[in-house]
Amino acid sequence: PIVDLSAARHMPGIPWADTEDRAISQLAAEHFLDRGFEHLAYCGDPGFAWSNSRRDHFRSFAEAAECSFHECQLIHRHEAGYQWDRVRRALVSWLNKLPRPVAIMACNDYPGQLLLDVCRSLSIAVPEEVAVLGVDDDRLICELCEPQMSSVIPDTYRTGYEAAELLERMMNHEQVDSSARLVTQPLGVRLRESTDTIA
């Protein structure tokens, strides 16, 4: 018996549990729209289906609000030949082309941290010129960023609980839909310095 919690690439025929990508993107869009941003952007990792899903939903919310939408797809960090210098150059080029002020949703906290590092090296004011929002609320990453990074908070405890409950049913030989998908709703946005502004 197995339940997939990886969130990377879901294997067919195995039930899986994750946080709902549309709800994550909606929270991010509303967070930025409430702050008056008219230019929204997304920084993602094309190697992950969940990143592409979050991008598509975030773009839909941006377009529905009649905001401009921009995106940057990072080099997938698990690819052979991945180099931070290449990623940094791509981010520098992208950030220099974006309209200001702009609000950027990162697919998770890791690229959000990279964006903040590049902004600092380019002397771009965060959050006044570029606001950055991560996903996962990884306190170690978010609170070590300069400035500290706001992030969408997933309900990881609920996701784990529901996955364990499903696994128990499977171990008790209950019939379970092999394509079952357990999705939990995110808890909200943890406001920190990187988005604490009004555009």
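The values are calculated or read from the model by the stated rules, or taken from the named source; none is laboratory data. All values reported here derive from a predicted model rather than from experimental measurement. Here the Cβ positions follow ideal geometry from the backbone for every residue, glycine too, while neighbour counts run over all protein chains shown. These accessible areas exclude ligands, DNA and RNA; they are computed on the full protein's heavy atoms, side chains included. Shrake-Rupley method; radii C 1.70, N 1.55, O 1.52, S 1.80 Å.
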Open item on the list: Tell me whether segment 69-80 contains one or more residues that are in a loop (DSSP other than H, G, I, E, B), touching a Lys or Arg at 6+ places or on another chain (Cβ under 7 Å) and closer than 27 Å to E143 by Cβ.
Closed with: yes
Task: segment 28-46, subset in contact with a Leu (Cβ under 9 Å, 6 or more places away or on another chain) and within 24 Å of R181 (Cβ to Cβ), residue surrounded by the most Cβ atoms within 10 Å (Cβ to Cβ) - done: A28
Open item on the list: Pairs needed: first member in segment 86-106, more than 14 Å from Y42 (Cβ to Cβ); second member anywhere, open to solvent by 10 Å² or more (accessible area, probe 1.4 Å) and of a type outside the set (A, V, I, L, M); C-beta distance under 6 Å; at least 6 residues apart or different chains.
Closed with: P99/H39; R100/E129; P101/E129
Open item on the list: From the list R55, R120, exactly one residue is farther than 17 Å from V152 by Cα, among the charged types (D, E, K, R) and in a helix (DSSP H, G or I). Which is it?
Closed with: R120
TODO: Go over the candidates L182, L98, L115, L166 one by one and state the one that is farther than 19 Å from D34 by Cα, in contact with a Cys (Cβ under 7 Å, 6 or more places away or on another chain), of a type outside the set (K, R) and buried (at least 17 other Cβ atoms within 10 Å of the Cβ).
DONE: L115
Task: Output for segment 52-76, where each listed residue is within 15 Å of C107 (Cα to Cα), open to solvent by less than 30 Å² (accessible area, probe 1.4 Å) and touching a helix residue (DSSP H, G or I) at 6+ places or on another chain (Cβ under 9 Å) - done: R54, F58, C72, L74
TODO: Read through the list (1) part of a strand (DSSP E or B); (2) surrounded by fewer than 19 Cβ atoms within 10 Å (Cβ to Cβ), then give the number of the only condition that S6 fails.
DONE: (1)
TODO: Tell me which residues, restricted to segment 118-144, are within 19 Å of T197 (Cβ to Cβ), more than 16 Å from the chain's Cα centre (by Cα) and free of Cβ contacts under 8 Å to residues at least 60 places away in the same chain.
DONE: V118, C119, R120, L122, S123, I124, A125, E129, V130, E143
Open item on the list: assigned to a helix (DSSP H, G or I) and among the small types (G, A, S): which single residue out of A23, A103, A17, A41 fits that description?
Closed with: A23
- [ ] Report whether or not I141 is more than 15 Å from A23 (Cβ to Cβ), loosely packed, with under 13 Cβ neighbours inside 10 Å and β-branched (V, I, T).
- [x] no
